[in-house]
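The values are calculated or read from the model by the stated rules, or taken from the named source; none is laboratory data. Source: prediction; values computed, not measured. Every residue, glycine among them, receives a Cβ derived from its backbone with ideal geometry; neighbour counts consider all protein chains shown.
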Ligand SMILES: CC(=O)SCCNC(=O)CCNC(=O)[C@H](O)C(C)(C)COP(=O)(O)OP(=O)(O)OC[C@H]1O[C@@H](n2cnc3c(N)ncnc32)[C@H](O)[C@@H]1OP(=O)(O)O
């Protein structure tokens with residue numbers, strides 16, 4: 001398994017991977033527009049040249065970044081790929097000087113395995129919710145907030 005930064009040519013495959021998981025209600029979907037505009041934030045996992053995992057690191061403030069749009073292909077789940085992607089994003093965050101990561105998720109057990117702890121959404125700074133106004137679930141968010149100090 002190899003981790004690498006996303007390129008513009010990856011967008012169609014990223015759409016399929018993310019939105020096939022979103023169709024099952026496992027995560028929120030993403031538009032092409034969002035993927036193109038934020039392509040530099042994305043880290044991909046490949047096996048034999050095939051895209052098997054994706055996620056992004058979105059910087060929010062001097063000490064805070066969010067893991068977004070994490071998805072692993074169905075055939076490759078429970079093989080440690082999600083964990084490796086999260087570690088890769090944590091490494092990027094450290095290199096940028098960021099000290100705290102968080103995620104909003106329906107998979108808290110996976111993030112706990114990666115060293116994150118569940119936190120109250122009320123503790124998250126207001127800046128966190130800027131993207132949420134674009135979510136179809138807003139303002140009735142049912143995701144769980146998890147966080148880790150690096
Ligand atoms: C911020 C966000 O983007 S939240 C959205 C997260 N994405 C999704 O929910 C989309 C659908 N799910 C997926 O794509 C994947 O299942 C992911 C990303 C959640 C996990 O990726 P994987 O590569 O399967 O995880 P990985 O193999 O590294 O799992 C490590 C450990 O996490 C835990 N874990 C992983 N998935 C689950 C799960 N569905 N339920 C409970 N625990 C889990 C287990 O302890 C696992 O270890 P084990 O397999 O030895 O029991």
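Here are some notes:
- Looking at the stretch 90-150, the strands (runs of 3 or more DSSP E) lying wholly inside it that each contain 2 or more residues that are in contact (Cβ under 8 Å) with a residue 40 or more places away in the chain and more than 14 Å from residue 70 (Cβ to Cβ) sit at 144-149.
- Among the residues of the stretch 39-51, those identified as over 14 Å from the mean Cα position of the chain (by Cα) and part of a strand (DSSP E or B) are 46, 47, 50, 51.
- A single entry from 101, 64, 44 fulfils the requirement of being within 20 Å of residue 15 (Cα to Cα) and either within 13 Å of the ligand (Cβ to nearest atom) or surrounded by 19 or more Cβ atoms within 10 Å (Cβ to Cβ) (or both): 44.
- For the stretch 16-34, a tally of residues being surrounded by 14 or more Cβ atoms within 10 Å (Cβ to Cβ) and under 11 Å from residue 51 (Cβ atoms) returns 2.
- Answer residue from the stretch 74-89, given it is near the ligand (Cβ under 6 Å from one of its atoms) and part of a helix (DSSP H, G or I) and is farthest from the chain's Cα centre (by Cα) among those: 81
- For the residues 11, 54, the requirement of being outside any strand (DSSP E or B), in contact with a helix residue (DSSP H, G or I) (Cβ under 6 Å, 6 or more places away or on another chain) and modelled with pLDDT of 95 or more singles out 11.
- Filter pass, residue 62 being more than 26 Å from residue 137 (Cα to Cα) and modelled with pLDDT under 95: yes
- From the list 28, 35, the one residue that fits, being within 17 Å of residue 134 (Cα to Cα) and not in a helix (DSSP H, G or I), is 28.
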